[in-house]
Amino acid sequence: MRRRTVSPGSGLEETLDNLAATTAGRQEAPAPVPAPARAPQRDRDSLQTEFAFELPRGYVDDEGQLHRHGTMRLATARDELRPQIDLRVKENPAYLSVVLLSQVITQLGTVTDVHAGIVERMYATDVAFLQDFYRRINSEGHTHAAVTCPLCHGSFEVDLSGGRLGE
């Protein structure tokens, strides 16, 4: 595999598009036949791609407004690859989660343009929550966990996407 580097002046999107075009050129696959158009259905077998969450502390914007509720979408392979060629991540590998989270958080309160600067200014507890939430929805596909009560030993399911403690 050939290693590619990105210089500060070159566009990240352009590099990823060129890489995709090069890879596609090597693998001549027939064009897929489009499926007949159907009305979208929402049943229990459909794929959920966005998940709501509630931050433990919340993000405080420049005007002092608190944002706790948000949505995160499922990550794509491109989302996972893009930070690998980001210069900030190359300089500091710990920055990977900041870049990755900024790509998959679609909304945070009234903020719809979530970028790395916003994730940088979040409290550490909120970033840790979002990292766990990201892992949970992308590896398990849901935000529910099976738990057992330590007192009565009863088993039940809880939603880990937010809410008040103890609910």
Checklist entry - Of everything in the range 92-105 that's assigned to a helix (DSSP H, G or I) and in contact with a Leu (Cβ under 9 Å, 6 or more places away or on another chain), which residue is farthest from residue 127 (Cα to Cα)? => result 104
Next on the checklist: Here's a check for you: in the range 106-126, which residue that is in a strand (DSSP E or B) and open to solvent by 10 Å² or more (accessible area, probe 1.4 Å) is nearest to residue 77 (Cα to Cα)?
Outcome noted: 106
Checklist entry - How about the range 127-167: which of its residues are modelled with pLDDT under 90, surrounded by 14 or more Cβ atoms within 10 Å (Cβ to Cβ) and polar (S, T, N, Q)? => result 143, 161
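The values are calculated or read from the model by the stated rules, or taken from the named source; none is laboratory data. Since the model is a prediction, treat every value here as computed from it, not as a measurement. With ideal geometry, Cβ positions are generated from the backbone for all residues, glycine too; neighbour counts draw on all protein chains shown. Heads up: the accessible areas ignore ligands, DNA and RNA and are worked out on the full protein's heavy atoms, side chains in. Shrake-Rupley method; radii C 1.70, N 1.55, O 1.52, S 1.80 Å.
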